[in-house]
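Read the structure below first, then the notes.
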Amino acid sequence: MINFKQLHHFWSVARAGGVVRASERSGLAPQTLSGQIAALETTLGVSLFRRQGRRLVLTETGDMVLDYAEEIFRLGNELEDALSTRSAGRALPFRVGVSDVVPKAIAYVLLAPSMAIPEPMRIVCRESKLDQLLGELAVHKLDVVLADSPLPPNMDVRGYSHKLGESPVSFFATPAVTATLKGAFPACLDGAPLLLPGADASVRRPLLRWLEESKVRPRIVGEFDDSALMNAFGEAGVGIFPTADLIADEVCRQHGVLKLGTAESVMESFYAISVERRLTHPAVRAISSAAPMQAAPEKAG
């Protein structure tokens, strides 16, 4: 059985970058730390460090063990915080990052189950580019990130993508713009002014492919990284805009627009990205449990 005191000494040495530096930080003698790590290696039957000149570097196995140690001690800290928060009657913070390409109404639908949990909770939402949010997730400044795609494999972040749902994409326009269109959907899009999600949106390429397959060539009059800004331009009558059909009624009501039709083969997906495979935060568990998609989490990084 793993000695968690020895594991903690290994963790502190790995994070400090060496035995001497870890000794200075902890106040323990270097010989004590070295002995504890050697005992852990004996228990596990593996080498966790190797010499590289005067430096100690993690072996491949040591790197894996460090990942587990980070998770174990992070969960321990979370447990202490949660118990302290509950005993003091304070609201549990729920820190959410929302990618700017995710429609705000979709974010609300996905987050709504977290507001119904019995624990007192205070939600803190932050919107930004996905790569910036993932950086904050990696250092545990966020509990979860909502995105329209899984964790990119080229990101230097270890995490898991939990699929929450998907929806076909529909097209919307003001009554004034709709009155200028000719023919039925999707032929009515040919030559019409169209607003598109920016290059970061995962749905952009499938949309462009669908337009080509449908043999329609709209006039692209705007491209937007922020879905709310695209919808605002659509509400102003600048052009037709696409968004998830899941929130079609809300979009029509909020922006005073009409639904033109649905591209059934173009699916927009939504994910909760976390640094843990087994979700522990009660709000994140509530979101995942309420989601229609219950596929196994995908690991990346």
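The values are calculated or read from the model by the stated rules, or taken from the named source; none is laboratory data. On a predicted model such as this, the values are computed, not experimentally measured, just so you know. Cβ: placed from backbone, ideal geometry, glycine included. Neighbour counts: every protein chain shown.
So which pairs qualify, if the first residue must be in the range 91-103 and surrounded by 20 or more Cβ atoms within 10 Å (Cβ to Cβ), the second must be among the aromatic types (F, W, Y), the Cβ gap must be under 8 Å, and the two must be at least 6 apart or on different chains?
Short answer, once both residue conditions are applied: V102/F270.
Within the range 269-288, can one find any residue that is over 17 Å from G97 (Cα atoms), at pLDDT below 70, of a type in the set (K, R) and not in a helix (DSSP H, G or I)?
Yes, that holds for at least one residue.
Could you check the range 1-31 and list, in sequence order, the residues that are surrounded by 14 or more Cβ atoms within 10 Å (Cβ to Cβ), among the β-branched types (V, I, T) and in contact with a Ser or Thr (Cβ under 8 Å, 6 or more places away or on another chain)?
Selection gives V19 alone.
Yes or no: the range 207-225 includes at least one residue that is at pLDDT below 95, touching a strand residue (DSSP E or B) at 6+ places or on another chain (Cβ under 9 Å) and surrounded by fewer than 20 Cβ atoms within 10 Å (Cβ to Cβ).
yes
Quick check, is L181 among the aliphatic types (A, V, I, L, M) and either under 26 Å from G97 (Cβ atoms) or without any contact (Cβ under 8 Å) to a residue 40 or more places away in the chain (or both)? Spell out how you get there, then give the answer.
Details: among the aliphatic types (A, V, I, L, M): yes; either under 26 Å from G97 (Cβ atoms) or without any contact (Cβ under 8 Å) to a residue 40 or more places away in the chain (or both): no.
In short, no.
How about the range 1-43: which of its residues are among the small types (G, A, S) and under 16 Å from L66 (Cβ atoms)? Give the derivation first.
As a first pass, look at the range 1-43 and keep what is among the small types (G, A, S): 12, 14, 16-18, 22-23, 26-27, 29, 34-35, 38-39.
Listed by number, the residues that qualify are S12, A14, A16, G17, G18, A22.
Please find, within the range 191-231, the residue that is farthest from A173 (Cα to Cα) out of those that are of a type in the set (S, T, N, Q) and in a loop (DSSP other than H, G, I, E, B). Working first, answer last.
Taking the range 191-231 first, the residues of a type in the set (S, T, N, Q) are 202, 214, 227, 231.
This time we only want the ones that are in a loop (DSSP other than H, G, I, E, B), so: 202, 214.
On the way: S202: 22, S214: 19 Å.
So the residue we want is S202.
For the range 1-73, give me every one of the helices (runs of 4 or more DSSP H) that falls completely inside it and has 3 or more residues that are in contact (Cβ under 8 Å) with a residue 40 or more places away in the chain.
Numbers: elements: 4-16, 19-26, 30-44.
Filter on the range 1-73 gives 4-16.
Within the group L260, L229, which residue is among the hydrophobic types (A, V, I, L, M, F, W, C), under 27 Å from the mean Cα position of the chain (by Cα) and at negative phi? Reasoning before the result, please.
On the way: L260 fails: under 27 Å from the mean Cα position of the chain (by Cα).
Residue meeting the stated conditions: L229.
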